[in-house]
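These notes are about the structure you will find just below.
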Amino acid sequence: MQQARPGLGSELIGFEQAGVVFPDGTPALEQVDLTVRAGEFVSLVGPSGCGKSTLLRVAAGLQDITGGYVQRGAARLGYVFQEPTLLPWRTVRENVALPVESAKLGKRARYQRADAAIATVGLAGFADHLPHTLSGGMKMRVSIARALTCEPELFLFDEPFGALDEITREHLNDETTRLFAERRFAGMFVTHSIAEAVFLSTRVVVLSGRPGRVVGDIAVPFDYPRAPSLRFSAEFNAIAAELSELLRGGHR
Ligand code: ADP
């Protein structure tokens with residue numbers, strides 16, 4: 001198993017022998033050892049129901065562990081869910097400004113911050129639109145912009161592009177690597193797609209079937225931002241093949 005690359009920044013989340021058993025007795029995670037440091041983008045892959053979302057929820061402090069330890073080092077979190085979860089009666093700008101509404105900022109400052117995030121995700125010009133007028137990919141961009149307004153140190157993504165068509169998904173993957181190159185938040189990204197995991201990440205962590213344990217931790221050495229053509233390189237496909245092998249072994 002490969003460890004995090006040396007020379008990276010501080011630990012933003014650390015799990016040590018962490019486990020989760022739900023109150024009904026369902027064991028979701030078992031003895032998970034995993035650390036994510038500043039400058040890392042770590043994808044989590046594993047069979048359906050192996051505890052990936054649960055691990056993100058633990059990282060966010062939304063779910064308690066029932067065994068082991070978790071160390072949370074990030075002051076600011078971003079969380080993007082599988083669904084865009086936008087308020088339908090609010091405009092794009094009003095949705096994106098939501099997380100900073102409780103901050104001691106005037107409306108003008110809040111909207112400035114929202115507009116900057118909206119521009120970052122390529123939606124300048126759509127700030128006054130209502131969610132129902134946007135495509136699925138655009139709604140997901142709004143959801144990412146909303147998380148960006150918190151200026152996250154640790155950005156948690158729970159399979160955000162899984163419901164999108166392949167072209168839109170690849171486009172958003174390209175943009176996510178650009179965003180990561182610019183902002184250098186640490187990322188934890190849940191996905192079912194091996195190609196998406198390799199394309200986005202500095203490391204890919206493979207979980208076994210439920211209860212999820214870490215059965216592989218593979219470094220991905222390519223620089224950011226990543227060119228779309230990377231997906232067709234021999235080195236990319238060798239890493240994808242290795243992950244695929246680990247995933248097959250992880251089923252039980
Ligand atoms: P994944 O994201 O890998 O698909 P989840 O983390 O969503 O998996 O769920 C892990 C397992 O825990 C699944 O079998 C799921 O059915 C179960 N589970 C999730 N939440 C609860 C809960 N609140 N109570 C009981 N079981 C749960």
Exercise for the section: Pop out the ³J(HN,Hα) list for segment 134-151 in order, Karplus 6.51 cos²θ - 1.76 cosθ + 1.60 with θ = phi - 60°, rounded to Hz; leave Gly and Pro as x. Expected result: 10, 6, x, x, 5, 4, 5, 4, 4, 4, 5, 4, 4, 5, 5, 4, 7, 6
Fill in the blank from the handout: The correct ranking of Glu40, Glu159, Glu170 by accessible area at 1.4 Å, largest first, is Glu170, Glu159, Glu40
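Once you keep just the Cα pairs under 8 angstrom separated by 6 or more residues, what percentage relative contact order results for the chain?
27
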Handout entry: Zero-based 10 Å bins, Cα pair distances in the chain, whole percents
Key = 7, 31, 35, 21, 6, 0
Exercise for the section: Keeping the other protein chains in place, figure out the carbon and sulfur percent of the accessible area of the chain, with a 1.4 Å probe. Expected result: 52
Fill in the blank from the handout: Counting only DSSP beta bridges fully inside the chain, the antiparallel percentage to nearest 5 is 50
Exercise for the section: Please find, in a Gaussian network model of the chain (springs between Cα atoms separated by less than 10 Å), the residue of Phe15, Phe161, Phe199 whose mean-square fluctuation is greatest. Expected result: Phe15
Exercise for the section: Give me the distance between the Cα centres of segment 148-175 and segment 50-72, rounded to whole Å. Expected result: 21
Problem - the chain: angle of helix 234-250 to the longest principal axis, Cα-based, in degrees nearest 10 - result: 60
Problem - Distance between segment 113-138 and segment 194-252 - C-alpha centres, whole angstrom - result: 31
Practice task
Please give the helix 107-120 orientation as an angle from the longest Cα principal axis of the chain, in degrees from 0 to 90, rounded to the nearest 10.
Solution key: 60
Problem - Most mobile of Ala147, Ala238, Ala97 in a GNM of the chain (Cα contacts under 10 Å) - result: Ala238
Practice task
Go through Ala28, Val92, Ser10 and say which Cα lies farthest out towards the positive end of the charge dipole of the chain; charges sit on Cβ, +1 for Lys and Arg, -1 for Asp and Glu.
Solution key: Val92
Handout entry: the chain, accessible area per residue, ligands and nucleic acids excluded (1.4 Å, Å²)
Key = 46
Practice task
Could you rank the peptides 202-210, 25-33 by their average count of other C-beta atoms within 10 Å per residue, with the highest value first?
Solution key: 202-210, 25-33
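The values are calculated or read from the model by the stated rules, or taken from the named source; none is laboratory data. These numbers were taken from a predicted model, which means no experiment stands behind them. Cβ coordinates were reconstructed from backbone atoms using ideal geometry, including for glycine residues, and neighbour counts include every protein chain displayed. The protein model used for the area step is the full one, side chains on, heavy atoms only, and it has no ligands, DNA or RNA in it. Shrake-Rupley method; radii C 1.70, N 1.55, O 1.52, S 1.80 Å.
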